[in-house]
Amino acid sequence: MTGFASLEGKVAVVTGGSRGIGAAIARELGSAGARVAVNYRSRREGAETVAGEIDGVALAADVADPGEALALIERVESELGDVDVLVNNAGITRDTLIARMSDDDWEQVIDTNLRGAFNTCRAVSRKMLRRRAGSIVNLTSVVGLHGNPGQANYAASKAGVIGLTKALARELGTRGVRVNAVAPGYIDTELTNVLSEEIRGSILGNTPLGRLGRPEDVAAAVRFLSSDAAAFVTGEVLLVDGGLGM
Ligand code: NDP
């Protein structure tokens, strides 16, 4: 019994599902009834644990690599069936001020966060168009909307994800494929546990709900957008940030 925003009978792929927000999304989609492919890059054990909890499969792929991203989608199709839901969650940061930002810092972040989302969207697009169904949810960030010092690469990648989302929403909408983005504020994961107490304090001071987010807060929004409960929602950027970015 999965109730509201059921994903019963659907096949979902979550990139970067070995930990943090991606792991919470995989669990949420699994508990909504989907068969879930939990992608990871390096942490196989984490991805296998998550997949084991929801009767899914753990699949390795570096989504920044177009060939690996395509192979990932093809493996999902052969092991679970055609993809109904794609969640582009894999993401990294390489924070530093622009004067010190290396080409490598720039390229790795753009390649993973933006090119990775492009690679998997392209890989699922043909079949989704043919089947006239599908839902794609891309993880962006409040930083992609408002910027942040020391995150030129990350902010550019996440702003790019919003452009990608809206372009694809227009391009694929007439064939019934929806494309949305979720923009988390600060969520308690490995990505943010490097923040100093001072920065944490200032974030909390600017967050009306007065706390950091939990991965489960983001997962619930992704489940909604993935499901037929959001059948008339496309091109949307849903902030899940306790009010930080409004
Ligand atoms: P984590 O650092 O906790 O986890 C990142 C995940 O991405 C891991 O599963 C990692 O896999 C995977 N990953 C990284 N690079 C690749 C790659 N090239 N190919 C496949 N998988 C990859 O991050 P969060 O859970 O905090 O963040 C998840 C998403 O949410 C990101 O897109 C992030 O930008 C976004 N976000 C996070 C916020 C936050 O406050 N935490 C705020 C706003 C947005 P592995 O473990 O195998 O290395």
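Read the figures in this text as sums done on the coordinates, not as results from a lab. What you see is a predicted model, and the numbers here were worked out from it, not measured in a lab. Here Cβ is always computed from backbone atoms with ideal geometry, including for glycine, and neighbour counts include all displayed protein chains.
The table below lists the values:
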read-out	value
Under 12 Å, Cβ to Cβ, from Leu238 - net charge with Lys/Arg +1 and Asp/Glu -1	-2
Sum of -39500 (n - 2.57) over DSSP H runs of 4+, divided by residues of the chain (222 nm, nearest 500)	-13500 deg cm²/dmol
Range in the chain, longest, excluding exposed chymotrypsin sites (Phe, Trp or Tyr not before Pro) [loop by DSSP; at most 16 other beta-carbon atoms within 10 Å]	5-231
Using a Förster distance of 25 Å, the FRET efficiency for Leu204-Asn148 (Cβ separation, nearest 0.05)	0.95
Set of lysines near Lys127 by C-alpha distance (under 22 Å), chain-local residues within fewer than 8 positions excluded	Lys10, Lys166
Residue-by-residue Karplus 3J(HN,Hα) for the range 22-33, coefficients 6.51, -1.76, 1.60, Hz, glycine and proline x	x, 5, 5, 5, 4, 4, 5, 5, x, 6, 7, x
The range 3-117: C-alpha gyration tensor shape, a/c 1.5 cut-off, then a/b vs b/c	prolate
For Val179, distant residues with modelled amide H under 5 Å away	Ile136, Gly235
Cα-based helix-to-principal-axis angle, 116-131 vs the chain, degrees rounded to 10	30
Helix axis angle, 215-226 relative to the chain longest principal axis, alpha carbon, degrees	40
Packing-based ranking, highest mean first, of 236-244, 71-79 given that Cβ atoms within 10 Å are counted	236-244, 71-79
Net charge over other residues, Cβ less than 14 angstrom from the Cβ of Ser31 (K, R count +1; D, E count -1)	-1
Compactness of the chain, expressed as Rg and Dmax over alpha-carbon positions, Å	16.9, 54
